[in-house]
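Here is the structure we will look at, set down as structure tokens.
The values are calculated or read from the model by the stated rules, or taken from the named source; none is laboratory data. Note that the structure is a prediction, hence the values are computed from the model and not measured. Please note: Cβ atoms are built from the backbone with ideal geometry, for glycine as well, and neighbour counts cover all protein chains shown.
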Amino acid sequence: MNFDLILRIGAKLVLPFILLFALYVQFHGDYGPGGGFQAGVIAASMVILVSITFGLQNARRIAPQGMVETMVPLGVLIFASVGVAGLAMGKNFLDYSVLSGDPRHGRHLGILLVEAGVFVTVSGTMIALFYAFVERGR
């Protein structure tokens, strides 16, 4: 595979900004459009860009197969744990108000945790799909 020098330098310059934008979308999702799903796809696109630009081996160093396969159920576990916490406290599933003494802070924390779970699951799923398609093409 012939790697173009300009593409490699451009990718190195833009990769940190892709990750920064993913984090912005993740944390801004509490107050506006965005959240875990969009941020997960953006973060996965960073790994895909590394793979396209620098080769699959380098992408697998950033996101190893084992880690990617762990991310998918881990995000679901985070999401479900927030819901079960509400049930354990005698409230409804995903009732965030029980996560803190102040219901308003509890709702904010609950949304942040649920969106983090969605982020982990979506980014892991998108990277796993990419790896599966790349391996199938070989």
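Within region 94-105, restricting attention to residues that are assigned to a helix (DSSP H, G or I) and of a type outside the set (A, V, I, L, M), the residue that is surrounded by the fewest Cβ atoms within 10 Å (Cβ to Cβ) is Arg104. Given the condition under 30 Å from Gly110 (Cβ atoms), modelled with pLDDT of 90 or more and either aliphatic (A, V, I, L, M) or out of contact with any helix residue (DSSP H, G or I) (no Cβ under 6 Å at 6 or more places or on another chain) (or both), answer yes or no: does some residue in region 25-37 qualify? Checking region 25-37: at least one residue is under 30 Å from Gly110 (Cβ atoms), modelled with pLDDT of 90 or more and either aliphatic (A, V, I, L, M) or out of contact with any helix residue (DSSP H, G or I) (no Cβ under 6 Å at 6 or more places or on another chain) (or both). Of all residues in region 19-37, those satisfying the criterion of being farther than 15 Å from Leu113 by Cα and not aliphatic (A, V, I, L, M) are Phe21, Tyr24, Gly32, Pro33. Assess whether Val114 counts as being crowded, with 20+ Cβ neighbours inside 10 Å and in a helix (DSSP H, G or I). Judged against the criteria, Val114 is a match. Any residue at all in region 94-113 that is under 30 Å from Leu5 (Cα atoms) and basic (Lys, Arg)? For region 94-113, residues under 30 Å from Leu5 (Cα atoms) and basic (Lys, Arg): absent.
Residues in region 54-109 that are closer than 18 Å to Ile127 by Cβ, over 16 Å from the mean Cα position of the chain (by Cα) and among the polar types (S, T, N, Q): Gln57, Asn58. Does His28 count as surrounded by 13 or more Cβ atoms within 10 Å (Cβ to Cβ) and touching an Asp or Glu at 6+ places or on another chain (Cβ under 8 Å)? When the stated conditions are applied, His28 does not pass them.
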